[in-house]
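Structure first, then comments.
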Amino acid sequence: MPSVYGARLTTFEDSDKRASTDTFERTVFEDGMAGAAMYELVCVGHDNLIGEIIRLEGDSATIQVYEETDGLMVNDPVLRTHKPLSVELGPGILGNVFDGIQRPLKTIAKRSGEGGLLTGGDLYASVFENSVMHYHVALPPDSMGKITYVAPAGQYLLKDSVLELEFQEVKNQFTMLQTWPVRTPRPVTSKLAADTPLLTGQRVLDALFPSVLGGTCAIPGAFGCGKTVISQALSKYSNSDTVVYIGCGERGNEMAEVLMDFPQLTMTFPDGREKSVTKRTTLVANTSNMPVAAREASIYTGISIAEYFRDMGYNVSMTADSTSRGAEALREISGRLAEMPADSGSPAYLAAHLASFYERAGKVKCLGVPERTGSVTIVGAVSPPGGDFSNPVTSATLGIVQVVWGLDSGQETGPEETHPLSKLTHFLFKVFMGIRILYEQFDPYFIGIRTKAREVLRREDDLNEIVQVCCAAVERGAGMDGQKITYSLIKHRLGDLFYPLGVNLRSLRIQLKGRKLLWQNSRSSTRT
């Protein structure tokens, strides 16, 4: 039988109206409450929040509100019901799930209809986007009200009115299209700790240098190092729900290549289906011949789009290629404003500007109902001139992000003798400790072998200078035995982890279980 429990809380035919004088967290202080009784049920604010009188002093009352009080203001109305907080007893209780004041949670979770209440962030409709993405329509974060009209299921244009709300006797109509200022972060309920790894499909990244969904990554490297390879791998193989790719100030031919290659890339689902990557990808193309100011604005456009999908409950990866071009635009704008230049002509607020962009990443609890979580992962490619990591943009970025995937062109020792990810900063451990447990679930030896492999890589890095000076001599046996063993170990035993990178599609698609076998394969060697 249909449940009627909780229906009494929405109608108060014998109520009296008062005005609240002050609020503190979930407590409301009310004057003019003469005649009220202890533990009387009241309805607070325009949203009829359920509360109970817990103290009476003269004609003043202290009210405990049992719902979120966000949005309550001084002089909001308070309705007296002249009834105590009560429960309803009878058939139909078994099998129901209630909250603390006997409202059926199953009923609350249903989609709101006419007469219901909506607040910012509530999902009230869904639209079929394509075979990969399911589009959810949410109320803008700065809106609320009582539903007076909901469009029935059917086909509508973006600018057609599909919802009408009434708030303070003013009716507002809403379409599926909403606007948002790009430089303003979209509000969330709270930020959460990121605990899920971002799987890129690249074995060396996922095994040794992992990031998380909701983290910040930087890919510094000179021209031709492979930044675009990693960007395409993220779009094709990552475990993100959707991807936003921003070409910020790149050369026209490079963006043309991306626009031609992306429609040809496909991704494989667990059930074997193959779909085009473009079905979950949003491209923002802003080439170097476009206005300078548009370069910097394109980054904010992309992050706003990513936050919009995040608010639907999706995990979003945003790739900016490259943030250096956006910083160059910032430098030119600063010069036109006659501002005092800093290092290399960059504005003095460059680091703060980059930080305000990267801090919009993270895993969050979204506004509204149903309760859901989403994340935005920012991967920023950095193109320092000549691969100089002391460049102001690069050094500022390295101090902000959590993970650095430093790319090496391989010109020092030959492309066949070095792995492309040769530089790593200590910021990596900020995120790895959060996902350590997940990696240990696949193999209890995984962390130990990974630590040993990193130690070997550090030893290899120490040999780089020697290899640069006398690479041929070391290979012929002129070096120390320990140096030769270390060099040979990385080349022959850990080579299956580093090679191929973005070449062999079958190798790229090996996920954590496959990497566990690769680690076990080389465990005995790395222990030596």
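Here, each number is a calculation from the coordinates, and none is a lab measurement. Keep in mind the model is a prediction, meaning the values are calculated, not measured. In this analysis, Cβ positions are derived from the backbone assuming ideal geometry, glycine residues included, and neighbour counts consider all displayed protein chains.
Below, the figures for the structure above:
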quantity: Gyration tensor verdict on region 125-195 (Cα atoms; rounded if a/c is under 1.5, prolate if a/b is larger than b/c, oblate otherwise); calculated: oblate
quantity: Efficiency of FRET between residue 82 and residue 29 - r from beta-carbon atoms, R0 22 angstrom, step 0.05; calculated: 0.60
quantity: Gain in span if fully extended, residue 67 to residue 239, counting 0.36 nm per residue against the direct Cα distance; calculated: 58.4 nm
quantity: Calculated FRET value between residue 297 and residue 172, using beta carbons and R₀ = 35 Å, to 0.05; calculated: 0.75
quantity: Gyration tensor (alpha-carbon) shape descriptor, region 245-334, a/c threshold 1.5; calculated: oblate
quantity: Where a label projected 7 Å from the Cα of residue 192 along Cα→Cβ would reach, residues of region 304-324 with amide N under 15 Å; calculated: 310-316
quantity: Region 190-428 shape via C-alpha gyration tensor axes, a/c threshold 1.5; calculated: rounded
quantity: Additional length obtainable on full extension of the chain from residue 223 to residue 155, 0.36 nm per residue less Cα span; calculated: 19.7 nm
quantity: Net length gained if the chain between residue 339 and residue 130 were fully extended (0.36 nm per residue, minus Cα distance); calculated: 70.5 nm
quantity: Simple label model, 7 Å out from Cα along Cβ direction - residue 75 to residue 459, nm; calculated: 7.6
quantity: Relative packing of 171-183, 313-325, 351-363, which averages over residues the other C-beta atoms within 10 Å, highest first; calculated: 313-325, 351-363, 171-183
quantity: Distance between modelled label sites at residue 274 and residue 254, nm, 7 Å Cα→Cβ extension; calculated: 2.9
quantity: Cβ crowding within 10 Å averaged over residues, with 119-126, 158-165 ranked highest first; calculated: 119-126, 158-165
